[in-house]
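Remarks on the structure that follows.
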Amino acid sequence: MSTAKAEGRRTARLQTPSDLSSNAIKDISASLTTLLADVFALYIKTKNFHWHVSGPNFRDYHLMLDEQAAQLFAMTDEIAERARKIGGTTIRSAGHIGRLQRLKDNDADYVTPLDMLAELRGDNKELVSFLRETHDLCDEHNDVATASLLENWIDETERRVWFLFETTRTGNSGEH
């Protein structure tokens, strides 16, 4: 195969059929791709804390974080495939994730278990807001299928926030 032909195939536009407008496809797939970067970033942070948690509640925290990481990882394929299904593109590399993610990494050598859980609670709350923003965009473009998926992910993410909140509760007042 000639170099020109190979380059043409590499840069060829995907022509996935969709009844959504070209603007809707562009806007929604871009939003889903950014959302995917955030979910990957949160997945890695959750696994990081899962691997490095310590202390008297190790087993409970370790298992909870593993369960939450599995939920996040399960979201990644669904998000990417939804972007492709409507005719868009999505994440292509770890570098692409790093350029798009809005959630911050945590590369600290040591984080206390309660600080880990509090940070994840905050990140999951932020993820809920990103999911809602994408849902609003889907509503604008009448993309009910993507909106429906987002509703389930919002519920799952709110559940993670709730579990992280309850796990770090220090007293009856609800303060942390």
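Taking the fewest neighbouring Cβ atoms within 10 Å as the starting point, the ordered list for Tyr61, Tyr110 is Tyr110, Tyr61.
Taking each DSSP H run with n ≥ 4 as -39500 (n - 2.57) and averaging over every residue of the chain yields -25500 deg cm²/dmol at 222 nm. Remark: the range 20-168 carries a charge dipole of roughly 420 debye about the Cα centre, counting +1 on each Lys and Arg Cβ and -1 on each Asp and Glu Cβ. Annotation note: trypsin sites (Lys or Arg not before Pro) in the range 106-174 located in DSSP loop regions with a Cβ neighbour count of at most 13 within 10 Å are Arg169. Return the FRET efficiency for the residue pair Phe58, Asp155: r is the Cβ-Cβ distance, R0 is 30 Å, and the value is rounded to the nearest 0.05. Computed FRET efficiency for Phe58 and Asp155: 0.60.
Read the figures in this text as sums done on the coordinates, not as results from a lab. In this text the structure is predicted, and so the values were computed from the model without any measurement. Every residue, glycine among them, receives a Cβ derived from its backbone with ideal geometry; neighbour counts consider all protein chains shown.
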